1. Residue by residue through segment 151-163, note down the ones that are open to solvent by 60 Å² or more (accessible area, probe 1.4 Å) and touching a Ser or Thr at 6+ places or on another chain (Cβ under 8 Å).
2. Confirm whether residue 166 is open to solvent by 70 Å² or more (accessible area, probe 1.4 Å), over 20 Å from the mean Cα position of the chain (by Cα) and free of Cβ contacts under 8 Å to residues at least 24 places away in the same chain.
3. Taking the stated definitions as given, is residue 88 small (Gly, Ala, Ser), farther than 30 Å from residue 16 by Cα and open to solvent by less than 50 Å² (accessible area, probe 1.4 Å)?
4. Please report, ordered by residue number, the helices (runs of 4 or more DSSP H) entirely within segment 75-162 with at least 3 residues that are touching a Gly at 6+ places or on another chain (Cβ under 9 Å).
5. Give the residues of segment 10-25 that are aliphatic (A, V, I, L, M) and buried (at least 20 other Cβ atoms within 10 Å of the Cβ), sorted by residue number.
6. If I go through segment 110-162 residue by residue, how many of them are more than 21 Å from the chain's Cα centre (by Cα) and charged (D, E, K, R)?
Amino acid sequence: FIASTGRLYGLQRNWWIDERKDPAKATDAACRFLRDLYKQFGDWELAMAAYNGGPGRITQMTARQGTRDFWKLRLKRETTDYVPLIYAAAIIGKDPARYGFGDIVHEPPVTWDTVVINKGLDLHGISESIGCSLEELKSLNPELLRNSTPPKVRSYVLKIPSGKTETFWAAYESLNS
């Protein structure tokens, strides 16, 4: 997402956080954006092209070129290639072995617990107090742009490694804000 589209779909971005980097929040926003593009264009190919190239550009190009057929539009190369790549990924995903991807080893899903905090906390202090690495804590919270949670937030949802909730709450009051 560019920042302005992210904002339209509820993704916060400031000095402390960029929710476009949160996979769950960004995926939800992307799905809502694509749904809205489909409602606007009434066509999945144009919706996907607009997702990549911008709805204004696709509206302008369809009007200028007198067609709403994606395959006949002359668009920027990146957008022209985007829709076929999505189709290819969908086709391969349905039968990976047929297309030479039979040896895929899936990684286990990432799991975490969440805690709702009401003060800014240093990630180093949190990682030390719950017994995980700073890198693990940062990988669970990729939206955090600094090595701390945002200050002056009444209810920030922080992801911590699974099974660390009790340890976190035992240390919470002693963590420096």
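The values are calculated or read from the model by the stated rules, or taken from the named source; none is laboratory data. Source: prediction; values computed, not measured. So basically every Cβ, Gly included, is an ideal-geometry build from the backbone, and we count neighbours across all protein chains shown. Only protein heavy atoms, including side chains, enter the accessible area calculation; ligands, DNA and RNA are left aside. Shrake-Rupley method; radii C 1.70, N 1.55, O 1.52, S 1.80 Å.
1. Once the filter is applied, which keeps residues that are open to solvent by 60 Å² or more (accessible area, probe 1.4 Å) and touching a Ser or Thr at 6+ places or on another chain (Cβ under 8 Å), segment 151-163 yields only 157.
2. Details: open to solvent by 70 Å² or more (accessible area, probe 1.4 Å): yes; over 20 Å from the mean Cα position of the chain (by Cα): yes; free of Cβ contacts under 8 Å to residues at least 24 places away in the same chain: yes.
Spelling it out, residue 166 is indeed open to solvent by 70 Å² or more (accessible area, probe 1.4 Å), over 20 Å from the mean Cα position of the chain (by Cα) and free of Cβ contacts under 8 Å to residues at least 24 places away in the same chain.
3. On the way: small (Gly, Ala, Ser): yes; farther than 30 Å from residue 16 by Cα: yes; open to solvent by less than 50 Å² (accessible area, probe 1.4 Å): yes.
Criteria met by residue 88.
4. On the way: elements: 77-94, 123-130, 134-140.
In segment 75-162, 77-94 are the helices (runs of 4 or more DSSP H) which contain 3 or more residues that are touching a Gly at 6+ places or on another chain (Cβ under 9 Å).
5. Within segment 10-25, 11, 17 meet the criteria.
6. Number satisfying all stated conditions: 5.
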